[in-house]
Each structure stands twice: as structure tokens, then as C-alpha cells.
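Q: First the structure, which I've put down as C-alpha cells, then a few questions once you've had a look.
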There are 2 protein chains.
Amino acid sequence: MYATTTVNGLHVDKISGTMDAVTANPALARFQFRARHQWIDGSYSRTTIKDFYGVGQEDATRTAPFTVDSDEPPVLLGENRAPNASEYVLHALAACLTGTIVFHAAARGIALEGLEATIQGDLDAQGVLGLNDSVRPGYEQIRVTIKATGDFDDNQLAELASLTRYSPVRDIVSNPVPVAIDFARA
Amino acid sequence: MYATTTVNGLHVDKISGTMDAVTANPALARFQFRARHQWIDGSYSRTTIKDFYGVGQEDATRTAPFTVDSDEPPVLLGENRAPNASEYVLHALAACLTGTIVFHAAARGIALEGLEATIQGDLDAQGVLGLNDSVRPGYEQIRVTIKATGDFDDNQLAELASLTRYSPVRDIVSNPVPVAIDFARA
């Protein structure tokens with residue numbers, strides 16, 4: 001019999017297998033994520049997400065694309081058909097923080113029972129409206145509160161808190177990412 | 001009779017009304033967006049998005065929360081139940097770019113017929129795995145290609161391309177945003 005140890009819903013042997021494989025061949029860690037986006041009307045738009053490159057090959061496990069819509073609330077001239085883009089950033093950041101904590105906690109054998117986060121971003125819309133060049137369009141600051149339950153002591157609590165340093169989206173939001181935009185006629 | 005002019009699916013009088021109101025009272029431009037997030041199991045988690053503050057008050061137009069799920073593909077130990085957090089960043093950026101262009105194009109009377117974007121982000125997973133401290137966890141670079149159709153000349157094409165400078169998510173990704181994280185026992 002072969003016993004599989006699961007911590008936080010993740011197979012510990014798969015985690016260590018991934019770590020070992022990437023350590024032996026760092027090129028396996030190259031990923032490219034992709035999305036296709038289409039403006040529909042007004043503030044309404046749609047993204048499809050399916051293919052990506054990683055672990056040395058094009059992924060073939062997703063049989064259908066994910067569809068993600070964006071809109072704005074009425075005060076921002078939309079019709080509330082979906083969250084807006086800035087709200088999706090909060091989702092992405094929260095999901096990345098908890099996912100990163102859960103993964104590295106499992107790798108350390110720290111069992112979590114629950115993780116909940118609230119997240120807020122403050123923004124001055126003078127920037128996006130183009131009314132004040134001294135106001136940045138994006139968030140001035142983001143605050144996240146994460147509440148954890150599980151079988152961990154105070155030292156492990158501090159270790160869990162430190163795991164957010166590995167979060168891709170925390171890095172993307174906190175630090176500059178070069179964005180190249182090519183705009184042309186279809 | 002009262003004629004409403006619509007450009008790109010947006011009411012031009014609402015755009016100018018918003019611009020005028022914020023110019024007269026910049027405090028109306030203060031927004032706070034929010035999300036609540038819950039880890040479910042393994043790589044799977046869920047965000048709900050509903051309330052926000054803006055235009056001097058708590059929004060009351062959303063009668064039900066939006067639900068947005070995240071997961072990972074199998075090579076990242078998930079089950080493909082939803083896009084992952086880094087893919088949501090690409091969605092948020094693409095949606096923000098097209099939304100910002102559409103809004104400011106309408107304000108300038110430039111009629112668009114279509115806007116489509118493809119977006120790619122490159123990432124070295126040694127960072128998120130914690131295997132190499134010199135590798136950032138997030139995207140090393142993001143490339144966006146936007147194709148536009150509509151009734152615009154070459155000067156207006158250049159103007160449309162420049163409108164991405166007003167995009168909140170372009171700013172959030174390109175420039176540092178302070179992120180404060182409080183991690184505690186529930």
C-alpha cells in the first residue's frame with residue numbers, strides 16, 4: 001500500500017516532487033500565462049483564459065476556456081454586470097496570498113483549518129478621469145487582513161505570516177512590472 | 001424631445017457630467033473598492049465582491065455579490081476549477097486598458113467598433129516556490145497587443161494608444177502600490 005499525505009488539501013509528495021524537479025532543472029519553472037480579451041459594449045468586456053506554457057510544455061489539461069467578465073457600477077457608467085478591473089486586482093491579490101500561504105504551509109506540515117481575508121484598495125478617480133496629472137490612476141494603497149485557524153503555535157503563526165513574500169501577485173502589485181503595450185488597427 | 005448622444009455604448013452627457021462634478025468637488029473622486037476572500041481547499045478559493053465607497057457615499061446599486069473563484073492547473077497542484085490569480089491579473093489589466101480607452105475615446109467623440117487584446121505574462125516559478133531568492137515571484141514582464149477598429153484617422157489612432165496612461169490597473173502593475181498585510185488568528 002502507498003500512503004499519500006495530504007495537508008491543506010494538497011499532496012505533500014507532489015509538493016516535494018515539484019520542488020525537487022525544479023531544483024534539478026530550473027528551466028521547468030518557466031511559465032507564460034495568457035488571456036484573450038474583447039470589448040463588448042460600454043464598460044462591458046470579456047476575457048477568455050485557457051492555454052499557458054509551463055513545466056517545459058504547452059498545457060493540455062484545460063478542455064474549455066474560462067470566461068471572465070468585467071463591467072462598472074452605474075456611477076462609473078456601467079450596469080453592474082460584473083466586478084470592475086480594479087476589484088479583480090483585489091481578488092487576484094487575496095487569492096494569491098491565501099494560495100501561497102496554503103502551499104508553503106503544506107510544505108512545512110502546518111495544517112490550516114481556515115483562511116479568510118478582507119481586502120480594501122483606495123483610489124482617487126481624478127487619475128483615471130484625467131482631471132489631475134498629479135493623481136495616480138491606480139490604488140494609492142491596499143490593506144489586507146487575513147484571519148487563520150488551524151493547528152499552529154505562535155512561532156508557526158509568524159512563519160505563516162512571512163510566507164506572503166512568495167506571492168506572485170503581492171510582488172506584481174508591490175513592485176514594478178514592465179508592461180509593453182502595442183496598439184494598432186486590426 | 002431630449003436627445004442622448006451615445007458613443008462606444010456610453011452616454012456622452014454622463015461622461016461630461018461626471019467630469020464636471022468631480023472638477024467642482026474633487027472629494028467625489030474618492031473610491032474604496034473591497035473584496036472578501038475565503039480559502040476553500042487546496043488551491044481552490046473564492047472571493048465575493050459587492051460593496052464599495054465612491055462619489056461621496058456607500059454604493060447601494062448592487063443587490064447581490066459577485067462571486068469569483070480561483071484555482072490552479074494540475075501542474076501547480078490544482079484541479080482547473082477556475083483561472084489562477086496571476087491569470088486574473090492579466091484579465092484585470094486587459095479589461096482596464098480597453099475600458100479606459102473606450103471611456104476616453106467616447107469623451108473625445110472617437111467611435112470604436114471593436115477592441116480586442118491578447119496579453120501574456122512571463123514568470124519564473126522558482127520565485128513562488130521559494131527556491132531562488134534572486135528570482136521575483138511575480139511577472140518579469142507583460143506584453144499586450146490591442147487591435148482596434150472604428151472611425152478614426154491616424155492622429156486619433158495615436159491618441160487612442162496614449163489613453164492607456166489613465167488606466168488604473170496599468171498603473172497598479174507598472175508602479176509600486178503599498179500593500180499592508182495583517183495576518184492573525186481568527
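Q: Among the residues of region B:121-131, is any more than 7 Å from chain A (Cβ to nearest Cβ) and charged (D, E, K, R)?
A: So far as region B:121-131 goes, no, none of its residues is more than 7 Å from chain A (Cβ to nearest Cβ) and charged (D, E, K, R).
Q: Hey, can you tell me all the residues within region A:29-39 that are surrounded by 17 or more Cβ atoms within 10 Å (Cβ to Cβ) and either over 16 Å from B:GLY121 (Cα atoms) or more than 7 Å from chain B (Cβ to nearest Cβ) (or both)?
A: The answer is A:TRP39, and nothing else.
Q: Do you know which of the residues in region B:41-58 that are touching a residue at least 24 places away in the same chain (Cβ under 8 Å) and open to solvent by less than 80 Å² (accessible area, probe 1.4 Å) is nearest to the chain's Cα centre (by Cα)?
A: Filtering region B:41-58 for residues that are touching a residue at least 24 places away in the same chain (Cβ under 8 Å) and open to solvent by less than 80 Å² (accessible area, probe 1.4 Å), the one nearest to the chain's Cα centre (by Cα) comes out as B:GLY54.
Q: Okay, moving on. Do we have any residue at all in region A:144-151 that's open to solvent by 50 Å² or more (accessible area, probe 1.4 Å), without any contact (Cβ under 8 Å) to a residue 40 or more places away in the chain and within 15 Å of B:ARG170 (Cα to Cα)?
A: No, that holds for no residue.
Q: Still on this structure: In this structure, does A:PRO26 turn out to be without any contact (Cβ under 8 Å) to a residue 24 or more places away in the chain, facing chain B (nearest Cβ under 8 Å) and either open to solvent by less than 10 Å² (accessible area, probe 1.4 Å) or in contact with a Cys (Cβ under 6 Å, 6 or more places away or on another chain) (or both)?
A: So A:PRO26 fails the test.
Q: State all residues of region A:73-97 that are facing chain B (nearest Cβ under 7 Å) and open to solvent by 50 Å² or more (accessible area, probe 1.4 Å); if no residue qualifies, say none.
A: A:PRO74, A:VAL75
Q: Scan region B:107-121 residue by residue and report those that are aliphatic (A, V, I, L, M) and buried (at least 24 other Cβ atoms within 10 Å of the Cβ).
A: B:LEU115, B:ALA117, B:ILE119
Q: Next up: Out of all the residues in region A:135-151, is one or more of a type in the set (Val, Ile, Thr) and part of a helix (DSSP H, G or I)?
A: There is no residue in region A:135-151 that is of a type in the set (Val, Ile, Thr) and part of a helix (DSSP H, G or I).
Q: Of the conditions (1) more than 29 Å from A:TYR44 (Cβ to Cβ); (2) open to solvent by 20 Å² or more (accessible area, probe 1.4 Å), A:ASP133 fails just one. Which one is it?
A: (1)
The values are calculated or read from the model by the stated rules, or taken from the named source; none is laboratory data. This is a predicted model, so every value here is computed, not measured. Heads up, the Cβs are rebuilt from the backbone with ideal geometry, glycines too, and the neighbour counts pull from every protein chain shown. Keep in mind that these areas ignore ligands, DNA and RNA; they rest on the heavy atoms of the full protein, side chains included. Shrake-Rupley method; radii C 1.70, N 1.55, O 1.52, S 1.80 Å.
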